[in-house]
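**Student:** Mind looking over this structure? Questions follow.
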Amino acid sequence: MRIVLLGAPGSGKGTQAQRLVERAGIPQISTGDLLRAAVARGSELGRQAREAMEGGRLVDDSLVLGMIRERLGEPDTRRGFILDGFPRNLAQAHALERLLEALQQPLDAVVQLEVDYRELVRRISGRRTCADCGRVFNMLTSPPAAGELCPKTAAPHRLTQRPDDNEATVTERLRVYDEKTRPLIDFYRARGLLRVIDAEGHVDEVTRRLARALGAPLRAPRRTRGAGTVKAAASKRASAGAARARSGRTARRKRPSLRSSRSKAAAKTARVARGKSRRPGSSGRGRLKGKRR
Ligand code: ADP
């Protein structure tokens, strides 16, 4: 399964990508993580990327594309990959298309995670990452449980805030998303690859919507099953999902009954999965799903 997760900063691409890694056994490729690692190493690439990242702007296409070309050449990507945070503008999307064509590994699906603007700001400002295990928390919505220990150190999580998660930079990142990344929605819709999901609500529910949009029935995370079994199941699911994604169908899923008690939420999920985020006839909302205030 070769997929791109598309969505504004704070839409949960990284969190959901990590969950897909556990369930599908394919690597997550996050250009943000790769760039942060380059900055932390103090490499030449990191030095060149740093200023743009701290200002909330995009890093030069040539640097990012070089990094992606190298990463997609690694053997663990042969069974598939989840691109998170790349492509981020049309030039990158065209370059990715050419690169995957040359590798004879076209994309199976692009999933756009939709989240209201105010919710994005709330999520980003509360975001903290454990410096040891890398797990992402939100101090407002999903803080570590009382007494929870880091699996790497067996001590409490060491929570850190990303330097670009401050208020001024967040506004610029959201503006850049609107201007540069949002056009990719039409780019991938025109290629029949786009799936849209409502990415608000509980993180497990969003994972279920993502799995449905990919046509991949949910399996328990990898650690609870034998790796071989999961790998085989993942590749079977991936080809079924890919076939469905190419044919434009989403998951094996009943259309929601409008009479059911959860009908409103279910209907919304089904609507976004079909690529229509708004109710027919409803007025246009702010560009990042919700209204800007
Ligand atoms: P978020 O999606 O929350 O903004 P990321 O970790 O994906 O966070 O990216 C952090 C920063 O890294 C971006 O603001 C940008 O400066 C840089 N970056 C990440 N991916 C790309 C890319 N594909 N092209 C250019 N710059 C990128």
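The values are calculated or read from the model by the stated rules, or taken from the named source; none is laboratory data. Remember, predicted model here, so these are calculated numbers, not experimental data. As a convention, Cβ positions derive from the backbone with ideal geometry for all residues, glycine included, and neighbour counts pool all protein chains shown.
**Student:** Do you know which residues across segment 115-151 are in contact with a helix residue (DSSP H, G or I) (Cβ under 8 Å, 6 or more places away or on another chain) and buried (at least 19 other Cβ atoms within 10 Å of the Cβ)?
**Tutor:** Val115, Tyr117, Leu120, Val121, Ile124
**Student:** Go through segment 8-33 and count every residue that is more than 8 Å from the ligand (Cβ to nearest atom) and not in a loop (DSSP other than H, G, I, E, B).
**Tutor:** Qualifying residue count, segment 8-33: 12.
**Student:** Tell me which residues, restricted to segment 79-95, are touching a residue at least 60 places away in the same chain (Cβ under 8 Å) and either in contact with a strand residue (DSSP E or B) (Cβ under 6 Å, 6 or more places away or on another chain) or part of a helix (DSSP H, G or I) (or both).
**Tutor:** Of everything in segment 79-95, those that are touching a residue at least 60 places away in the same chain (Cβ under 8 Å) and either in contact with a strand residue (DSSP E or B) (Cβ under 6 Å, 6 or more places away or on another chain) or part of a helix (DSSP H, G or I) (or both) turn out to be Gly80, Phe81, Ile82, Leu83, Asp84, Gly85, Leu90, Ala93.
**Student:** Count, please, the residues in segment 54-63 that happen to be at pLDDT below 95 and crowded, with 19+ Cβ neighbours inside 10 Å.
**Tutor:** 1
**Student:** Which is within 15 Å of the ligand (Cβ to nearest atom), under 19 Å from the mean Cα position of the chain (by Cα) and over 26 Å from Ala213 (Cβ atoms), of Arg36, Arg47?
**Tutor:** After ruling out the rest, the residue left standing is Arg36.
**Student:** Residue check: is Val110 modelled with pLDDT of 95 or more, closer than 21 Å to Arg175 by Cα and buried (at least 19 other Cβ atoms within 10 Å of the Cβ)?
**Tutor:** Judged against the criteria, Val110 is not a match.
**Student:** What pairs can you find where one residue is in segment 40-55 and farther than 18 Å from Ala131 by Cβ and assigned by TED's automatic domain parsing to the domain that holds Val170, the other is away from the ligand (no atom under 11 Å from the Cβ) and basic (Lys, Arg), and their Cβ atoms are less than 9 Å apart, with a gap of 6+ or different chains?
**Tutor:** none
**Student:** Would you please name the residue that is farthest from the ligand (Cβ to nearest atom), looking only at residues in segment 97-114 that are of a type in the set (A, V, I, L, M) and touching a residue at least 60 places away in the same chain (Cβ under 8 Å)?
**Tutor:** Within segment 97-114, the match that is farthest from the ligand (Cβ to nearest atom) is Ala109.
**Student:** Further question: Among the residues of segment 50-85, write down those that are among the small types (Gly, Ala, Ser), more than 9 Å from the ligand (Cβ to nearest atom) and in contact with a Ser or Thr (Cβ under 8 Å, 6 or more places away or on another chain).
**Tutor:** None - no residue of segment 50-85 is among the small types (Gly, Ala, Ser), more than 9 Å from the ligand (Cβ to nearest atom) and in contact with a Ser or Thr (Cβ under 8 Å, 6 or more places away or on another chain), so the list stays empty.
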